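Below is one structure, written out as structure tokens, with a few remarks after it.
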Amino acid sequence: MLKRIVLLCLIAVSNLALAQVEVTVHPKQMALLTSEDPKLAANKKLVYDFWVKVFQAKNATLIQDMFAEGYIQHNPNVPTGRAALTNFIKGFPESNELPLTTIPDLVMISAERDIVTLAFRVERPHPKNAEETYTTTWFDMFRIENGKIAEHWDSAPIW
């Protein structure tokens, strides 16, 4: 009997060890924009400003200043090229909400060489229990060239 109790306790503890740690957002986004390397800080700020001022606001007017003419898009739902991105963003109505100065669900911004990566908290329905949700992480990655966004990757499936 004691062996069964010990076994059940071990199973319960091992299941707790496998439980997910919920993804949480970063409480101080502006701190994520800093870097000892001024170029990395500028690259982070460029991507952050794009996300807030263009993507969230659905405002295409800044794309020419922020994106390289030969911009490459790897999301299968968005055409490649700066002009195509401009048309894509123009396809959405401009946001009439107050301008957001932060990025909802942002977990992290990292920069290395010419790459900036944004990580986001995403909540999804649990596939095995419709009454539950779980959190996971979505990534958007950008390559910067000559002070402009030149390429973008994410893990988007075809809509």
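One table, with the values for the structure above:
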| read-out | value |
| --- | --- |
| FRET efficiency, 1/(1 + (r/R0)^6) with R0 41 Å, evaluated for Asp37 and Arg124 via beta carbons | 0.70 |
| Cut-off under 5 Å, modelled amide H: who pairs with Ala150 long-range | Ala68, Arg143, Ile144, Glu145 |
| Extension gain, Phe55 back to Met30 (0.36 nm per residue minus Cα-Cα distance, nm) | 7.2 nm |
| Label-point gap, in nm, between Ile158 and Thr117 - each point 7 angstrom along Cα→Cβ | 2.7 |
| Whether the chain is rounded, prolate or oblate, judged on the alpha carbon gyration tensor where a/c under 1.5 counts as rounded | prolate |
| Efficiency of FRET between Ile72 and Tyr134 - r from beta-carbon atoms, R0 35 angstrom, step 0.05 | 0.60 |
| Theoretical FRET efficiency, 1/(1+(r/R0)^6), r = Cβ-Cβ of Glu94 and Glu22, R0 41 Å, to 0.05 | 0.80 |
| Stretchable slack from Ala84 to Thr101, in nm (0.36 nm times residue separation minus alpha-carbon distance) | 3.5 nm |
| Backbone HN-Hα couplings from phi across region 36-44 [Karplus 6.51/-1.76/1.60, Hz, Gly and Pro as x] | 5, 8, x, 5, 5, 4, 5, 5, 4 |
| Amide proton proximity set for Met108, modelled H, under 5 Å, gap of 5+ | Ala119 |
| Gyration tensor verdict on region 79-159 (Cα atoms; rounded if a/c is under 1.5, prolate if a/b is larger than b/c, oblate otherwise) | prolate |
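Computed from the coordinates by the stated procedures, all read-outs in this text should not be read as laboratory data. No experiment lies behind these values; they were computed from the predicted model shown. Here the Cβ is made from the backbone with ideal geometry for all residues, glycine too, and neighbour counts use every protein chain on show.
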